[in-house]
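Read the structure below first, then the notes.
The values are calculated or read from the model by the stated rules, or taken from the named source; none is laboratory data. Keep in mind that what you see is a predicted model, and the values were worked out from it rather than measured. Cβ: placed from backbone, ideal geometry, glycine included. Neighbour counts: every protein chain shown.
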Amino acid sequence: MDIIEAIVQRAFLNFLMLGSVAGLIVGVILILRPHWLASAGMIVNRWIPSRHLDRALERVIVIDPVFYRYRRTSSLVTMAGAIYVLYFFSVGIDKASAVSGLAKNFQMPAAYIGALYDPMQMIAILGAMFAMFACLFVLFQPNQFQKFEQGANQWVSLRKSMKPLEILRNNVDEFTFLHTRQVGFLLVLGSIYTLVVFAMSAS
């Protein structure tokens with residue numbers, strides 16, 4: 001895990017240093033050529049509504065009638081898949097060889113793959129067991145499973161949660177272009193300070 005932490009810290013440090021360099025460049029432009037950013041802002045700051053995404057998420061896809069029409073076939077196929085998953089993740093796989101193989105294929109530390117393997121294995125086993133119980137209910141007690149399904153399949157609309165994304169907020173841009181030199185000096189000073197701190201910590 002020490003190797004993973006070092007990689008994450010190094011990547012985070014590089015990201016912050018790149019952000020500081022970008023802030024330094026923007027600060028200099030605000031001091032010397034603020035109209036450049038105004039022209040770029042007119043091109044870049046285009047409003048993209050999320051209404052089409054909301055409509056795609058609000059669309060209901062119903063497959064229950066097809067599943068219940070062929071409930072025996074679909075249940076047996078699903079149960080066979082669940083049994084195979086249970087066998088594969090409990091008996092048919094060697095953890096050491098799987099971790100080493102995944103680490104080699106994805107070029108990642110074996111410790112990182114090993115830390116992810118156990119929870120993923122548990123999720124797969126629990127999902128397979130739940131699928132088996134659901135198949136048994138569909139085969140022998142379909143009415144009971146339909147009652148559970150009616151209670152679980154409650155439609156949750158995202159329209160209210162997506163509304164804040166449709167509000168245009170340009171207060172920061174307005175304040176920046178009203179006080180270009182002050183904001184530019186603050187960006188330059190802050191960027192230089194963070195660059196010096198990050199360079200000292202990196203060394």
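Which of the helices (runs of 4 or more DSSP H) contained wholly in the range 118-203 include at least 2 residues that are assigned by TED's automatic domain parsing to the domain that holds PHE12 and at pLDDT 70 or above?
Numbers: elements: 142-152, 159-162, 171-178, 180-202.
Ranges flagged: 171-178, 180-202.
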List, please: which pairs have Cβ atoms under 9 Å, are six or more places apart or on different chains, and start with a residue in the range 75-86 that is assigned by TED's automatic domain parsing to the domain that holds PHE133 and end with one that is small (Gly, Ala, Ser) and surrounded by fewer than 17 Cβ atoms within 10 Å (Cβ to Cβ)? ALA82/GLY127; TYR84/GLY92; VAL85/ALA124; VAL85/GLY127; LEU86/ALA124
Here the qualifying pairs (Cβ atoms under 8 Å; residues six or more apart or on different chains; first in the range 103-114 and in contact (Cβ under 8 Å) with a residue 12 or more places away in the chain; second outside any helix (DSSP H, G or I) and exposed (fewer than 15 other Cβ atoms within 10 Å of the Cβ)) come out as ALA111/MET1; TYR112/MET1
When the residues of the range 91-107 are narrowed to those that are assigned to a helix (DSSP H, G or I) and of a type in the set (D, E, K, R), which ends up farthest from ALA124 (Cα to Cα)? LYS104
If a residue must be at pLDDT 75 or above and farther than 26 Å from LEU189 by Cβ, how many such residues does the range 23-74 contain? 6
